[in-house]
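Notes for the one structure printed next.
Here, each number is a calculation from the coordinates, and none is a lab measurement. Note that the coordinates shown come from a computational prediction; the quantities given were computed from them, not determined experimentally. Because the Cβ atoms are built from the backbone with ideal geometry, glycine has one as well, and the counts that use them run over all protein chains shown.
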2 protein chains.
Amino acid sequence: MIDNLINRITELNSPIVVGLDPTISMVPERIVKKSREEYKCPLNAVSKALVKFNREIIDAVYDIVPAVKPQIAMYERFGNAGVKAYIETINYAKEKGLIIIGDIKRGDIASTAEAYASHIGGVEVFGDKFDPWQEDFVTLNPYLGGDSITPFTDICETQEKGLFILVKTSNAGSGDLQDLELKSGLSVYEHMADMVSSWGKNLIGKHGYSKVGAVVGATHPAQGQNLRNRMPNTFFLVPGYGAQGGSGKDLQGFFDTNGIGCIVNSSRGITAAWQKDSCFGENNVGDAAREAVIAMKKDLNENLK
Amino acid sequence: MIDNLINRITELNSPIVVGLDPTISMVPERIVKKSREEYKCPLNAVSKALVKFNREIIDAVYDIVPAVKPQIAMYERFGNAGVKAYIETINYAKEKGLIIIGDIKRGDIASTAEAYASHIGGVEVFGDKFDPWQEDFVTLNPYLGGDSITPFTDICETQEKGLFILVKTSNAGSGDLQDLELKSGLSVYEHMADMVSSWGKNLIGKHGYSKVGAVVGATHPAQGQNLRNRMPNTFFLVPGYGAQGGSGKDLQGFFDTNGIGCIVNSSRGITAAWQKDSCFGENNVGDAAREAVIAMKKDLNENLK
């Protein structure tokens, strides 16, 4: 799947993933009103409104980006109805040919991690296989160490799936643990980078990148460059562009000399673009999202030259 | 909620939480058969079978343990149907008066962590409050640092809720990151212990323990004793007893001098007890679970003297 992802990035000249992290405040009133008429339970109404909103975004961008990244927390907050909306969003995006990066940041001891691995590996029930989640990639949290990752890399050995493991996250608090200096002289995030590289070393595809990728925040340009040098076979999922403060200029060091090696996420900067420009109104959710993607593509590609 | 939990532990003389982490292999055929007759979709049938199994366990132990800890991964593996079963299990356990520790191990950047915090804080939709998850405590992963925890501690400031944050986990791979030595001379898990203590320092209840607890694995007796001394106001959720290898003797150092300070989890050792003793058959799921709890209680209390 990492090869497919890189192929699509190159074909579209678009190292961009659209983060589908909607809040109700970014959904137009016309969608909310209709959903509340159709679904009397407020948890169902809000969840269905998110799906309708996501479909408008997907319809507007599916031919200019390779992937979407739904953030499960934004759905899970509404309980079971929300989880259903997360899955419905994924199903629709897959119908449109998009690659799915499920931003789930799971991590647990081996026997439990095996259960979480159904996110990419599916599950066998009474002798038949099911794929309830439909994700192509998932994000993982490595605090529990190697045996929490193995059930996922095992699936990557035989299936076209992939992982992005947290190394250096985009938030201010990421330094609390990740920047600590170890006795070895490395920082925690550098040590984690070395572990992620080793977990992925037997899973390298035809473009030289492993199915086991890393999450590296756009808000840390120097660390990003350091990590690109440190882990030459590891593809980066880069959050923190746009609303969180990162720009194309900050990302020059994240890409390799061929201009590949990253997929950059923007969420609110694309999905809530209709609220930020007086040219657009609530009927232009898709138009505004498409313009935001085109502007982001320009910003990234200019800075790669 | 930490005060309620300690009160119940003391009343029942039972520092035990029953882990509800079922796999289909531990569910009796009579339950599976009936569920498959009732639900044609295999994902629904398996999920409903887990709920029925959990209800038999809960019915057998609710008056001798203070809490249950469903592990969401074991439900999430079946997609949306499984998540529904997780919530149904929690609702039933709450009806029986049990305290719920949702083993979710979530962690994300602040804005996303706010969404996950609905697990304990509920969610407002169209002006009304909902509590779709119903958990009293949740487990959290601290790899992203302090700002990933704040949305949860904010809720603990005003509501009777609590947290258990991963410090030293029970699995073999926990050492990969958690045991690394920092330049400061502390290990990563010790540094994390200090952060967890500081996050909880304004949330200490009448028994001297904070609403912000820590996960400390039973499989590491020396580290557990070290952590008890290091974080005197932090209550421990202790996985790894029983099936993972920990015993009452290993846990002496985890408790304080008053014999409190921990709640010890056992999952398969209780829920699958009916399969491990030829005295029991598939009609004795509850009997076997109750006997396993009583034996565990004896083991823990003998070693506390």
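Partner shielding of A:21-32 amounts to 1, given as the average count of beta-carbon atoms from other chains within 10 Å of each residue beta-carbon.
Simple spin-label estimate for residue B:150 and residue B:172 gives 4.0 nm between the two label positions (7 Å along the Cα-to-Cβ direction from each Cα).
Distance between the C-alpha centres of region A:67-96 and region B:250-269: 39 Å, rounded to the whole angstrom. When the protein assembly as shown is described by a simple charge dipole with +1 on each Lys and Arg Cβ and -1 on each Asp and Glu Cβ, the residue from A:75, A:16, A:139 located farthest towards its positive end is A:75. Computed over region B:49-189, the range of Cα coordinates on each principal axis works out to 50, 40, 30 Å, biggest value leading.
Once C-alpha pairs closer than 8 Å and six or more residues apart are averaged by separation and normalised to the residue number of chain A, the relative contact order reads 18 percent. Let me know the charge dipole size of the protein assembly as shown about its Cα centre in debye, to the nearest 20, where only the beta-carbon of Lys, Arg (+1) and Asp, Glu (-1) is charged. So the dipole magnitude of the protein assembly as shown works out to roughly 300 debye.
The shape of chain B can be summarised by an equivalent ellipsoid whose semi-axes, obtained from the alpha carbon gyration tensor, come to 30, 24, 18 Å from longest to shortest. Summary value for region A:95-171: 35 percent relative contact order, contacts being C-alpha pairs under 8 angstrom separated by 6+ residues.
Net charge dipole, region B:170-305: roughly 440 debye, given to the nearest 20, about the Cα centre with Cβ charges of +1 for Lys and Arg and -1 for Asp and Glu. Kirkwood-type hydrodynamic radius, the protein assembly as shown: 24.6 Å, calculated from all non-identical alpha-carbon pairs.
Full extension of the segment from residue A:160 to residue A:4, taken as 0.36 nm per residue of separation minus the current Cα-Cα distance, would add 55.3 nm.
One chain, two ends: residue B:275 and residue B:128. Fully extended at 0.36 nm per residue, the span grows by 48.3 nm beyond their Cα-Cα distance. Legend: mean number of C-beta atoms from other chains within 10 angstrom of residue C-beta atoms, peptide B:35-43, equals 2. Each of residue B:247 and residue A:96 was given a label point 7 Å from its Cα along the Cα-to-Cβ line. The distance between the two points is 5.9 nm.
Note on chain A: with a GNM built from Cα contacts shorter than 10 Å, the maximum mean-square fluctuation among A:291, A:11, A:37 falls on A:37. Cα-based radius of gyration for region B:119-223, normalised by 2.2 N^0.38 Å, reads 1.20.
Note on chain A: antiparallel DSSP beta bridges, both residues inside, total approximately 15 percent of the bridges counted. Within the straight-line cut-off of under 12 Å between alpha carbons, the aspartates and glutamates reachable from residue A:161 are A:3, A:135, A:136, sequence neighbours fewer than 8 places apart in one chain being disregarded. Looking at the protein assembly as shown alone, DSSP beta bridges between its own residues are antiparallel in about 15 percent of cases. Averaging 1/r over every pair of different alpha carbons in region A:36-97 and inverting the result gives a Kirkwood radius of 11.9 Å.
When the protein assembly as shown is described by a simple charge dipole with +1 on each Lys and Arg Cβ and -1 on each Asp and Glu Cβ, the residue from B:258, A:266, B:62 located farthest towards its positive end is B:62.
A Gaussian network model of chain A, with springs between Cα atoms under 10 Å, assigns the largest mean-square fluctuation among A:221, A:42, A:142 to A:42. Close amide-amide hydrogen proximity is noted between residue A:19 and A:69, A:266, A:267, each under 5 Å apart and 5 or more residues distant or on a separate chain (H modeled in the peptide plane; Pro and chain starts excluded). Helices in the protein assembly as shown, meaning DSSP H runs of at least 4 residues, each add -39500 (n - 2.57). Divided by all residues, the mean residue ellipticity at 222 nm is -12500 deg cm²/dmol. Ranked by the mean number of other Cβ atoms within 10 Å per residue, highest first, peptides A:252-259, A:3-10 order as A:3-10, A:252-259. Global size of region A:185-233: 10.9, 33 Å for Rg and Dmax (C-alpha atoms, Rg to one decimal, Dmax whole).
Of the residues A:130, B:292, B:188, the one whose Cα sits farthest towards the positive end of the charge dipole of the protein assembly as shown is A:130 (charges of +1 on Lys and Arg Cβ, -1 on Asp and Glu Cβ, taken about the Cα centre). May I ask what percent, to the nearest 5, of DSSP beta bridges between residues of region B:34-159 are antiparallel? So the antiparallel bridges amount to about 35 percent of the total. Here the average projected area of the convex hull drawn through the C-alpha atoms of region B:235-299 stands at 4.5 nm². Taking Cα centroids, how far is region A:197-243 from region A:1-32 in Å? Each part reduced to its Cα centre gives a spacing of 19 Å.
With Cα atoms as the point set, region A:180-305 shows a radius of gyration and Dmax of 16.8, 56 Å.
Annotation: the residues A:69, B:33, A:129, sorted from fewest to most other C-beta atoms within 10 Å of their own C-beta, follow the order A:129, B:33, A:69.
The 3J(HN,Hα) values that the Karplus relation (6.51, -1.76, 1.60; θ = phi - 60°) gives for region B:125-133 are, in residue order, 10, 6, x, 10, 8, 10, 10, x, 9 Hz. Gly and Pro appear as x. Under a model in which nothing but the beta-carbon of Lys, Arg (+1) and Asp, Glu (-1) is charged, chain B shows a dipole of about 520 debye around its Cα centre. Residues considered: A:209, A:92, A:143. Largest GNM mean-square fluctuation over chain A, using C-alpha springs under 10 Å, is found at A:143.
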